[in-house]
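First comes the structure, then the notes that go with it.
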Ligand code: PMT
């Protein structure tokens, strides 16, 4: 039996994994766009951050009808990208297709439907057709929308933002590898901010069926080519069998996705670049431990830990250097409302692992810019702190190489 990808050395797992899948169709186009984008910013000696954002899908069939997905809407990535742009970085935004995008995110949510921001202008006195007036932005949203529009236009006009979409976990991996390699001329000016919620389990290609999985029995003459059990009696990904008198069931058997963070840090990324990964947990008792373990395992520069229930209000920076653990929180009075969030859990992950009870906030926001509901966005605290760490890394590198 062939060894599982997770049991191989990272370089071997890379070669096996990437040989197994065809590269995404859009990759050559994305590479050409990224090459030109990076060249432009290398020339300007500008920092470039690769922000990954949104969830990845795990297809169940090659001609995909069904797939496994996760919760991520891309809020962290899209919001962070705006704050990076504000800090003067150029941003390659590698995102799940149709997830939130920088700037347009303010108006694309169902809770922030863009139509609610608009109105019909009052008819112009004396105009021939009183029914065909202009569409305008409602008075109460003028300032906020003008501000967003200006920033968006600035980023576009000055070529500061490159949007590259992916959908599946395999597409994500190919794109990440290519972008990291293309970023090499940037050296220490490159930053990786891996906020995407990458699937941890997948169906290897050699166990995936071509066609749609059938939910009912087929006549024998169709069975051979049907989705389930292409090869003899073998069922591609578990069982899909009818118990007498019951409906068919599908049992899916997934393999772990190889962790390519090793390869990113040790192979693909430019020398001297900064790599920041995220760690998401739901159990407060595990968060800090898991984030620390990730930092030790991959030897990169920063893990940002967050809990699903409090991620919009607090994160923890886990670093190799002192203070090793640092909490960043939005002050209670400035917290945005969140349907899925649980405010009572703020501070739990810090207390659970034996730390002191958290103070209300460890830092004041550098700028009190907020979204529509005027809540302070935690990314507005995260990014300036991260940029300080990146400054230090670059400074150190410059001192080391006269
Ligand atoms: O989009 P939102 O709703 O705003 O949610 C944002 C978020 C909660 C998704 C984000 O803040 C976050 O935490 N993202 C990382 C989720 C996570 O826990 O990833 P992980 O533990 O599976 O992976 C850790 C790191 O390794 C991640 O940075 C990931 O990009 C990377 N990884 C993961 C799997 C894999 N096969 N290879 C990887 O390199």
Next item on the list: Determine which residues of region 59-73 fall in the zone a paramagnetic label at residue 108 would reach in this model, i.e. backbone nitrogen under 18 Å from the point 7 Å along Cα→Cβ.
Entry: 70-73
Check: What nm value, rounded to one decimal, do you get for the distance between residue 215 and residue 33 when each label is placed 7 Å out toward the C-beta?
Finding: 3.6 nm
Next item on the list: Report the full-extension gain for the segment residue 333 to residue 128: residue separation times 0.36 nm, less the Cα-Cα distance, to one decimal in nm.
Entry: 68.7 nm
Next item on the list: With a cut-off of 11 Å, note down the residues of region 76-94 whose backbone N falls inside the zone around a label point 7 Å from the Cα of residue 158 toward its beta carbon.
Entry: 85-90
Notebook entry, point to check: Can you work out the FRET efficiency for the pair residue 149 and residue 342, with r the C-beta to C-beta distance and R0 = 35 Å, to the nearest 0.05?
Noted result: 0.55
Item checked: Calculated SAXS-style log₁₀ I(q)/I(0) at q = 0.11, 0.17, 0.20 Å⁻¹ - region 1-145, Debye, Cα scatterers -> -0.71, -1.17, -1.29
Margin query: How much of the pair distance distribution for the chain lies past 33 Å, counting alpha-carbon pairs only, in percent?
Written below: 42 percent
Next item on the list: Going by C-beta contacts inside 10 Å, put 313, 327 in order with the fewest on the left.
Entry: 327, 313
Next item on the list: Give the Kirkwood hydrodynamic radius (Å, one decimal) of region 94-187, defined as one over the mean of 1/r across all pairs of different Cα atoms.
Entry: 16.8 Å
Item checked: Relative packing of peptides 202-210, 389-397 - highest average C-beta neighbours within 10 Å first -> 202-210, 389-397
Next item on the list: Let me have the 222 nm mean residue ellipticity of the chain computed from DSSP H runs of 4+ only, each contributing -39500 (n - 2.57), with the sum over all residues rounded to the nearest 500.
Entry: -9000 deg cm²/dmol
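Quick note: the coordinates plus some simple rules give every number you see, no bench work behind them. Everything numeric in this text was worked out from a predicted model, so none of it was measured. Cβ: placed from backbone, ideal geometry, glycine included. Neighbour counts: every protein chain shown.
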